[in-house]
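Just so it is clear, none of the values below were taken in a lab; they were calculated from the coordinates. Not measured: the values here are computed from a predicted model. Cβ: placed from backbone, ideal geometry, glycine included. Neighbour counts: every protein chain shown.
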Ligand SMILES: Cc1ncc(COP(=O)(O)O)c(C=O)c1O
């Protein structure tokens, strides 16, 4: 089936955080309410319709007229395993799969189970802001192994990483691969080194790989579990949330082969039963969603190329490289020589476009803006034209 991703879908009136949530955006510096002309490209979900097999599965569940307690059975686990074997050549057992109500919740449960107040958790900023939030709301401490920006992209400061890992209060490391917002895919060498350091200092690694299905055509993504040293305590978060635009179903599967680690984590999930919608979406997506995913990836590649060319030709002071993975574009506006706050205001209030301000990813990134690029091309074009106009006096 051929999908038409150019269709513009109106998401207002369906409780979409991205298109209707004024309060949160005010917290991000928006000084006016969302209106009918606002273009929202910030929260990481797609403005494209999910695969038809998932839509059909949702109808089957809805039409059953009963929405009682549900649990995953064999067909669910086989669908998950089949997907990772086919798409990533990664095999694991049914017993290794622990379903969780979302990815950030999995991190939260892990923090509560594997650390105590005051313990340290390594993250690598710039990184998805809830990594910071989930550590701090539980009164744990962020140990920031800052990514180093080079001409080629972002690199890891391994000496700093090892110093942080060696601290006796450091218990966890959240790896974000592919990394949101930089789009970096970590190389096998980098993964090996991170794994060895964590194993050496008995730091548990949680690999958040939920963007792993959404990589550029020529990019290669290797799941951490395929290259991890044997003695590494590793948990990998996988999800249909990003892959098939199902974030509202809060469906994550955490893969843990280490029995002791798995038993402890699974115990924290004792009360979680995925909804009947979630279970059927996982089965349908993983068994029948490949055709859609291949098409959506091509569409994202096209959007990325469009955005990259637009900036190069019409706003050359804005620097952006096409990311290897994820569907977010990380744009550097420092070339304008104005404050991050002004960049933000021009985009939010003058262009009436909502992106995510770099300061959410760490203060030193205040001149960056992150754009979620999975909307109809027409929306992206309109947003970029408005942004261009909002900076025309500085071009
Ligand atoms: C790296 C990363 N992890 C987790 C999430 C959120 O996942 P979930 O909705 O499953 O909690 C996002 C969403 O943008 C993300 O980019």
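In the range 1-132, one over the average inverse separation of all distinct C-alpha pairs is 19.5 Å, which is the Kirkwood hydrodynamic radius.
Kirkwood analysis of the range 256-395, using all unique Cα-Cα pairs, places the hydrodynamic radius at 17.8 Å.
Shape index of the range 251-326: Rg/Rh, with Rg the Cα radius of gyration and Rh the Kirkwood radius from the inverse mean 1/r over Cα pairs, equals 1.21.
From the Cα gyration tensor of the range 118-158, with a ≥ b ≥ c the square roots of its eigenvalues, which class applies: rounded if a/c is under 1.5, or else prolate if a/b is larger than b/c, or else oblate?
oblate
Just the Kirkwood number for the range 226-267, please: inverse of mean 1/r across all distinct Cα pairs, in Å, one decimal.
11.7
Computed over the range 34-76, the Cα gyration tensor eigenvalues convert (square root of 5λ each) into semi-axes of 32, 14, 12 Å, ordered from largest to smallest. Contact order, relative form, for the range 308-395: 29 percent (alpha carbon pairs under 8 Å, 6 or more residues apart, mean separation divided by residue count). Here the range 156-201 has an Rg and Dmax of 11.0, 31 Å, counting Cα atoms alone.
Shape analysis of the range 65-114 yields a ratio of the Cα radius of gyration to the Kirkwood radius, Rg/Rh, of 1.06.
The spacing between the range 225-288 and the range 155-173, judged by their C-alpha centroids, is 26 Å. Summarising the label geometry, the points placed 7 Å from Cα in the beta-carbon direction at residue 22 and residue 230 lie 6.1 nm from one another. The relative contact order of the chain comes to 23 percent, based on Cα pairs under 8 Å that sit 6 or more residues apart. In units of the rule-of-thumb radius 2.2 N^0.38 Å, the chain shows an alpha carbon radius of gyration of 0.97. When both bridge partners sit in the chain, DSSP labels roughly 50% of those beta bridges antiparallel.
Taking only the C-alpha atoms of the range 112-180, Rg followed by Dmax gives 12.2, 40 Å.
Tell me the mean residue ellipticity at 222 nm calculated for the chain from its helices only (DSSP H runs of n ≥ 4, each -39500 (n - 2.57), averaged over every residue, nearest 500).
Value at 222 nm, helices only: -11500 deg cm²/dmol.
Of the peptides 190-197, 314-321, the order by per-residue mean of other Cβ atoms within 10 Å, starting with the highest, comes out as 190-197, 314-321.
Fully extending the segment from residue 321 to residue 275 would add 12.6 nm, taking 0.36 nm per residue of separation and subtracting the current Cα-Cα distance. Using alpha carbons only, the radius of gyration of the range 257-300 set against its Kirkwood radius gives Rg/Rh = 1.20.
Would you mind calculating the relative contact order of the range 114-185 from Cα pairs under 8 angstrom and at least 6 residues apart, reporting the percent as a whole number? Once normalised by length, the contact order is 40 percent.
Between residue 341 and residue 52, the FRET efficiency from the beta-carbon distance, with R0 = 30 Å, is close to 0.10.
Across all directions, the average projected area of the convex hull around the alpha carbons of the range 313-382 is 5.0 nm².
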